[in-house]
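K.L.:
Supplied in structure tokens, the structure appears directly below.
The values are calculated or read from the model by the stated rules, or taken from the named source; none is laboratory data. Note that this is a predicted model, so its numbers are computed, not measured. A quick note on method: Cβ atoms are made from the backbone with ideal geometry, for glycine too, and the neighbour counts reach across all protein chains shown. Heads up: the accessible areas ignore ligands, DNA and RNA and are worked out on the full protein's heavy atoms, side chains in. Shrake-Rupley method; radii C 1.70, N 1.55, O 1.52, S 1.80 Å.
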Amino acid sequence: MSMPTGPAGPLRFPRDFGWGAATSAYQIEGAAKEDGRGESIWDTFSRVPGRTRNGDSGDVAADHYHRYAEDLDLMRDLGLRSYRFSISWPRIQPDGTGAPNQRGLDFYRRLLDGLHERGIAPMATLFHWDLPQALQDAGGWEFRDTAHRFADYADAVFRALGDRVPAWLTINEPKTVVQNGYLSGHHAPGRQDPDAAYLVAHHLQLAHGLAVRALRAVGGTGRIGPALNLHPCYAADDTPEAAAAAQLYDGYENRLYLDSVLKGSYPQDVLADLGARSRMVRGIHDGDLAVISSPVDLLAVQYYTPIYVTADGRTEHRWPTSVAEWQQIYPDGMYDILTRVTRDYGPIPLTVTENGLPTPDTLATDDTVDDAGRITFLREHLAAAHRAIADGVPLESFHVWSLLDNFEWAEGYDQRWGLVYVDYSTQRRVLKRSAHWYRSVISDGGL
Ligand code: IFM
């Protein structure tokens, strides 16, 4: 990757940089009951009163299943070079097992063909949290067999779509499934069981490794890697106690997922903290870490926020937050996490597959959306990514979260994360000011 020097401005990105945007199936597709799609745990979870804001669900979402051609044109008009989306497991295997549903595969084939026709490189995530409900009924990610079901599903997808997908991501943010689905319980399946949570972490990692092996077994030519949300963890003060607490926090936030995939071991401090009697530690079988650390081709990093850890292991906020109160806006964290991954894990190709924030966007009477805060946020985070590249990080691409406003899980439709505003009453799309800005960043090749 060569950094061009040229007239356009001080922060030029590599000429072949993959300027992109990201989405996920349940958050945008809608069409929850069409073409043979089965139920996912998010369909079930959203129906339980009180689980999502306003009782919102992904039943209709941004209606992308029907409007994908219009959305592809939007991507082309923005100048995107890369589009990261996810494949809905219950569209492909309505009950989580068995022969693939051709109508589900056909939808993704149409989407992929549309991307190629417009010169946009697809990046497909196999699992972005929409587990088939039938597999949850059989034990979900607590059940080791689910990892094998995932490998079977991945195999079917690789065979059907592999000729059209140059880059695959296995599991989106396993940590969020662990923390939100099994610790706090505010995501599907809504459990609050720490012992189960870390067994789930292991099975998600195992599923990742089995899918990597499945791709190699079918002779797939696409590249593959995990999609990890990484949070730089800093000590909240300069006591040795805060440093030790931040180090352990980092184990749970980052090394649990990075070390297992890239070093073939779980971090000893986390294993010791969980204890030999924990379900996770007892659930690690001989050979599992060899599977989990099957060589990958790229690592997808998702960065939103840092974490500051106090001596007694609590967390503190230090920087301004966004509409999402868990987020602290700290662009240097992007630089820190990218350079740290390269320093600690070697020069594996990196892609940023998510970065963004929700802003209080409203559609003005002149049909514009002035999301100045998103422009500032993205400019500063892109500048931090540029600094990381200049310091030797092999970062290939950057995907804004998100292309479109969408279903933000437990927050329903209240939080708007898109470059493109969706008027949910009509499903009309309106480019926000940030989308116009991003288009010029792409055409200038930098900031
Ligand atoms: O919307 C989510 C996405 O599904 C996973 N990463 C974080 C985003 C914002 O919360």
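K.L.:
Helix hunt in the chain: which complete DSSP H runs extend at least 18 Å axially by C-alpha with mean Kyte-Doolittle at least 0.0? Provide the component values of the computation, followed by the final result.
P.N.:
Numbers: long enough: 64-78 (20 Å, -1.13); 102-117 (22 Å, -0.93); 145-161 (24 Å, -0.12); 194-217 (34 Å, 0.46); 332-345 (19 Å, -0.68); 372-390 (27 Å, 0.30).
Flagged H segments are 194-217, 372-390.
K.L.:
Continuing with the same structure: Separation between the Arg76 and Arg343 pseudo-spin-labels, each 7 Å from Cα along Cα→Cβ, expressed in nm?
P.N.:
4.5
K.L.:
Give, rounded to the nearest 20 debye, the magnitude of the charge dipole that the chain has about its Cα centre when Lys and Arg contribute +1 at Cβ and Asp and Glu contribute -1 at Cβ.
P.N.:
940
K.L.:
By how many nm would the segment from Arg144 to Glu380 lengthen if fully extended, with 0.36 nm per residue of separation less the alpha-carbon distance?
P.N.:
Between Arg144 and Glu380, full extension yields an extra 80.8 nm.
K.L.:
Provide the per residue accessible area, probe 1.4 Å, for the stretch 135-231, rounded to a whole number of square angstrom.
P.N.:
Per-residue value: 30 Å².
K.L.:
So, one more: Roughly what would the spin-label model give for Ala311 and Ala217, points 7 Å off Cα along C-beta, in nm?
P.N.:
So the label points at Ala311 and Ala217 sit 5.3 nm apart.
K.L.:
Quick one: check the C-alpha center-to-center distance for the stretch 198-234 versus the stretch 140-185, whole angstrom.
P.N.:
8
K.L.:
Can you sort Asp371, Asp73 by 1.4 Å-probe accessible area, starting with the largest?
P.N.:
Accessible-area ranking of Asp371, Asp73, largest first: Asp73, Asp371.
K.L.:
Place a point 7 Å from Cα of Arg15 in the direction of its Cβ. Which residues in the stretch 418-447 have their backbone N less than 20 Å from it?
P.N.:
Residues 441-447 qualify, since their backbone N sits under 20 Å from the label point.
K.L.:
When the accessible area of the chain is computed with all protein chains present and a 1.4 Å probe, what percentage of it is carbon and sulfur?
P.N.:
Of the solvent-accessible surface of the chain, carbon and sulfur hold 51 percent.
K.L.:
Given 10 °C and 1.306 mPa s, compute D for the chain with the Stokes-Einstein relation, Rh being the Kirkwood radius over Cα pairs; round to the nearest whole µm²/s.
P.N.:
In µm²/s, the coefficient rounds to 72.
K.L.:
Taking amide H positions as placed 1.01 Å from N in the peptide plane, with prolines and chain starts having none, which residues 5 or more places from Ile171, or on another chain, fall under 5 Å of its amide H?
P.N.:
Result for Ile171 returns Ala227.
K.L.:
Can you compute the helix-only [θ] at 222 nm over the chain? Use -39500 (n - 2.57) per DSSP H run of at least 4 residues, normalise by all residues, nearest 500 deg cm²/dmol.
P.N.:
Working: 16 runs with 171 residues, N = 447.
Computed mean residue ellipticity for the chain: -11500 deg cm²/dmol.
K.L.:
Still on this structure: Can you tell me which of 286-295, 227-236 comes out highest on packing, and rank the rest after it, using the mean Cβ neighbours within 10 Å?
P.N.:
Sorting 286-295, 227-236 by mean packing, highest first, produces 227-236, 286-295.
K.L.:
So, one more: Might you tell me the accessible area per residue for the stretch 69-113, computed with a 1.4 Å probe and given in Å²?
P.N.:
33
K.L.:
Assuming 0.36 nm per residue, please report the length gained on full extension of the stretch Ser443 to Ala390 beyond their Cα-Cα distance.
P.N.:
Taking 0.36 nm per residue and subtracting the Cα distance, the gain is 17.0 nm.
K.L.:
Right, here's the next one. Counting only protein chains, not ligands or nucleic acids, how are Arg84, Arg15, Arg416, Arg76 ordered by accessible area (probe 1.4 Å), most first?
P.N.:
So the residues, ranked largest to smallest area, are Arg15, Arg76, Arg416, Arg84.
K.L.:
How much length would be gained if the chain were fully extended between His186 and Arg110, taking 0.36 nm per residue of separation minus their Cα-Cα distance, in nm to one decimal?
P.N.:
24.0 nm
K.L.:
For Val323, what accessible surface area do you get with a 1.4 Å probe? Give it in Å², rounded to 10.
P.N.:
Result for Val323: roughly 70 Å² accessible.
K.L.:
Where a ≥ b ≥ c are the square roots of the eigenvalues of the C-alpha gyration tensor, would you call the stretch 45-115 rounded, which needs a/c under 1.5, or, failing that, prolate if a/b is larger than b/c, or oblate?
P.N.:
The shape class here is oblate.
K.L.:
Would you give the gap between the C-alpha center of the stretch 36-95 and the C-alpha center of the stretch 392-447, rounded to a whole Å?
P.N.:
The stretch 36-95 and the stretch 392-447 have Cα centres spaced 16 Å from each other.
K.L.:
Taking the Cβ-Cβ separation of Thr321 and Lys263 as r and a Förster radius of 41 Å, what is the calculated FRET efficiency to the nearest 0.05? Let's see the in-between values first.
P.N.:
Numbers: r = 33 Å, r/R0 = 0.81.
Result of the calculation: an efficiency of 0.75.
K.L.:
Could you sort Tyr438, Tyr330 by accessible area so the largest value comes first, with the probe set to 1.4 Å?
P.N.:
If we order Tyr438, Tyr330 from most to least accessible, we get Tyr330, Tyr438.
K.L.:
Against the empirical 2.2 N^0.38 Å scaling, what ratio does the C-alpha Rg of the stretch 160-254 come to? Numbers along the way, then the final one.
P.N.:
On the way: Rg = 17.0 Å, N = 95, 2.2 N^0.38 = 12.4 Å.
Dividing the Cα Rg of the stretch 160-254 by 2.2 N^0.38 Å gives 1.37.
K.L.:
If you don't mind, there's one more thing I want to ask. Provide the solvent-accessible area of Arg379, counting protein heavy atoms only and rolling a 1.4 Å probe, rounded to the nearest 10 Å².
P.N.:
110
K.L.:
Now a separate question. Over all alpha-carbon pairs in the stretch 227-295, figure out the percentage whose distance exceeds 16 Å. Please list the in-between numbers first.
P.N.:
On the way: 1274 of 2346 pairs.
Cα-Cα pairs in the stretch 227-295 separated by more than 16 Å: 54 percent.
K.L.:
Still on this structure, please answer the following. Which value, in Å², gives the accessible area per residue of the stretch 254-397 when a 1.4 Å probe is used on the protein heavy atoms?
P.N.:
Working: 5850 Å² over 144 residues.
With all protein chains present, the stretch 254-397 gives 41 Å² per residue.
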